[in-house]
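A.B. asks: Could you have a look at this structure, given as C-alpha cells, before my questions?
The values are calculated or read from the model by the stated rules, or taken from the named source; none is laboratory data. Just so it is clear, the structure is predicted and the values come from calculations on it, not from any experiment. For neighbour counting, all protein chains shown are included, and Cβ atoms are generated from backbone atoms with ideal geometry for every residue, glycine included. Calculation scope for accessible area: heavy atoms of the full protein, side chains included, ligands and nucleic acids excluded. Shrake-Rupley method; radii C 1.70, N 1.55, O 1.52, S 1.80 Å.
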Amino acid sequence: MERKEALRRISELKNVDLRLLADEYEVTVFKDGKKNKGWAGHVIERFLGLAQNSSRSPNFGSWELKVIPLYYKKDGTLAVKETMAITMIDQYEVRRNAFRDSHLYNKLQKILIVSRIYVDKQETSSLLHDITEFDLNDPKISKQVEDDYELIRKTIIEKGFLGLSGKIGTYIQPRTKGQGHGSTSRAFYARKIFLEIILGLNKK
C-alpha cells in the first residue's frame with residue numbers, strides 16, 4: 001500500500017475512538033493487568049489489513065507507520081506523552097555502518113505518524129487526533145539526527161554497548177528496551193522534542 005493511500009484511509013478515522021476499534025478488531029489492550037503498549041498501532045494495522053510486523057524493514061516496504069500518544073496540558077495545549085521507539089540497536093550493525101547505511105536511516109526516511117489522545121492509564125478511550133507525513137529531508141533535522149547516530153556509534157565503538165546512556169543525543173537517544181530493568185537490549189528512540197517538531201507542536 002502506498003503512503004498516500006494509507007494517509008487517505010486513516011484520515012477516515014479522525015476523531016474515532018481507537019479503543020472501541022480495538023474491541024472490534026480483537027486487539028488485546030490489557031492482558032493479566034498488563035497493557036499492550038502497541039495496541040493502538042495494531043488497531044491501525046488491522047484497519048489497513050496489515051499483518052503485525054516487528055521487522056527492522058519499514059512496515060510497508062518503502063515507508064514506516066508509527067502511532068504515538070498526545071495529552072492535553074493544563075493550559076489546554078497538546079504535548080507528546082512519551083518517546084517513540086524506532087528500531088532496535090544491533091551493535092554489530094551500528095559499528096559497521098555510517099548513518100546513511102543504517103537501519104535507523106532506513107526507518108526514518110519516510111514515515112506516517114498517527115497521533116492519538118491519551119486519556120487515562122486504563123485506556124478507556126483514545127480518539128485518533130491526526131496523521132502526519134514525515135520525510136527525513138530537512139537539512140537541519142537530518143544533520144542533527146545523523147550527529148546523534150554517529151555519537152551513539154562512537155560510544156559503542158569506544159565504550160562498548162553497555163556504555164550507552166539515555167542522556168546521549170538531542171533528537172535520537174539510545175534506551176533500554178525489553179522486559180525488566182535488567183534488560184540489556186537497546187533501541188533508538190525519538191525524543192519528545194523531536195516528535196513535537198515533526199508534529200508542529202514545537203516550532204524550534
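A.B. asks: Is there a residue in segment 183-191 that is on the phi > 0 side of the Ramachandran plot, open to solvent by less than 60 Å² (accessible area, probe 1.4 Å) and modelled with pLDDT under 95?
C.D. replies: No, that holds for no residue.
A.B. asks: Now for a different question. Looking only at segment 144-163, how many residues end up being closer than 12 Å to residue 91 by Cβ, part of a helix (DSSP H, G or I) and open to solvent by less than 60 Å² (accessible area, probe 1.4 Å)? Walk me through it before giving the result.
C.D. replies: Applying the first criterion (closer than 12 Å to residue 91 by Cβ) to segment 144-163 yields 152-153, 155-157, 159-163.
Keeping just the survivors that are part of a helix (DSSP H, G or I) gives 152-153, 155-157, 159, 161-163.
Narrowing the set further to residues that are open to solvent by less than 60 Å² (accessible area, probe 1.4 Å) leaves 152-153, 155-156, 161, 163.
Residues that pass the stated criteria total 6.
A.B. asks: Now for a different question. If you go through segment 15-27 one residue at a time, do you hit one that is in contact with a strand residue (DSSP E or B) (Cβ under 8 Å, 6 or more places away or on another chain), open to solvent by 40 Å² or more (accessible area, probe 1.4 Å) and on the phi < 0 side of the Ramachandran plot? Spell out how you get there, then give the answer.
C.D. replies: Within segment 15-27, the subset in contact with a strand residue (DSSP E or B) (Cβ under 8 Å, 6 or more places away or on another chain) is 15-18.
Going one step further and asking which of them are open to solvent by 40 Å² or more (accessible area, probe 1.4 Å), we end up with 15-16.
Still in the running and on the phi < 0 side of the Ramachandran plot: 16.
Yes, there is a match, as at least one residue in segment 15-27 is in contact with a strand residue (DSSP E or B) (Cβ under 8 Å, 6 or more places away or on another chain), open to solvent by 40 Å² or more (accessible area, probe 1.4 Å) and on the phi < 0 side of the Ramachandran plot.
A.B. asks: Return yes when residue 141 is under 19 Å from the mean Cα position of the chain (by Cα), at pLDDT 95 or above, surrounded by fewer than 19 Cβ atoms within 10 Å (Cβ to Cβ) and part of a helix (DSSP H, G or I) and no when it is not. Talk me through it step by step, then tell me what you get.
C.D. replies: Numbers: under 19 Å from the mean Cα position of the chain (by Cα): yes; at pLDDT 95 or above: yes; surrounded by fewer than 19 Cβ atoms within 10 Å (Cβ to Cβ): yes; part of a helix (DSSP H, G or I): yes.
Here the answer is yes, as residue 141 does meet what is asked.
A.B. asks: Within the set of pairs 6+ apart or on separate chains, which have a first residue in segment 18-38 that is over 16 Å from residue 68 (Cβ atoms) and modelled with pLDDT under 95, a second that is of a type in the set (Gly, Ala, Ser) and surrounded by 10 or more Cβ atoms within 10 Å (Cβ to Cβ), and C-beta atoms under 6 Å apart?
C.D. replies: none
A.B. asks: Name every residue in segment 39-62 that is modelled with pLDDT of 90 or more and of a type in the set (A, V, I, L, M, F, W, C), in order of residue number.
C.D. replies: Answer for segment 39-62, where residues must be modelled with pLDDT of 90 or more and of a type in the set (A, V, I, L, M, F, W, C): 39, 40, 43, 44, 47, 48.
A.B. asks: Listed residues 117, 131, 89; which is among the hydrophobic types (A, V, I, L, M, F, W, C), in contact (Cβ under 8 Å) with a residue 40 or more places away in the chain and in contact with a Pro (Cβ under 7 Å, 6 or more places away or on another chain)? Before you say what the answer is, go through the steps one by one.
C.D. replies: Numbers: 117 fails: in contact with a Pro (Cβ under 7 Å, 6 or more places away or on another chain); 131 fails: in contact with a Pro (Cβ under 7 Å, 6 or more places away or on another chain).
Matching residue, one of 117, 131, 89: 89.
A.B. asks: If you take the residues in segment 4-14 that are touching a residue at least 60 places away in the same chain (Cβ under 8 Å) and open to solvent by 20 Å² or more (accessible area, probe 1.4 Å), which one is nearest to residue 126 (Cα to Cα)?
C.D. replies: Top of the filtered list is 14.
A.B. asks: Next up: Condition first: hydroxyl-bearing (Ser, Thr, Tyr), assigned to a strand (DSSP E or B) and loosely packed, with under 15 Cβ neighbours inside 10 Å. Can you find one or more residues in segment 72-87 that meet it?
C.D. replies: yes
A.B. asks: So which residues in segment 94-126 are assigned to a helix (DSSP H, G or I), in contact with a helix residue (DSSP H, G or I) (Cβ under 7 Å, 6 or more places away or on another chain) and open to solvent by 20 Å² or more (accessible area, probe 1.4 Å)?
C.D. replies: 95, 103, 105 - these are the residues of segment 94-126 that are assigned to a helix (DSSP H, G or I), in contact with a helix residue (DSSP H, G or I) (Cβ under 7 Å, 6 or more places away or on another chain) and open to solvent by 20 Å² or more (accessible area, probe 1.4 Å).
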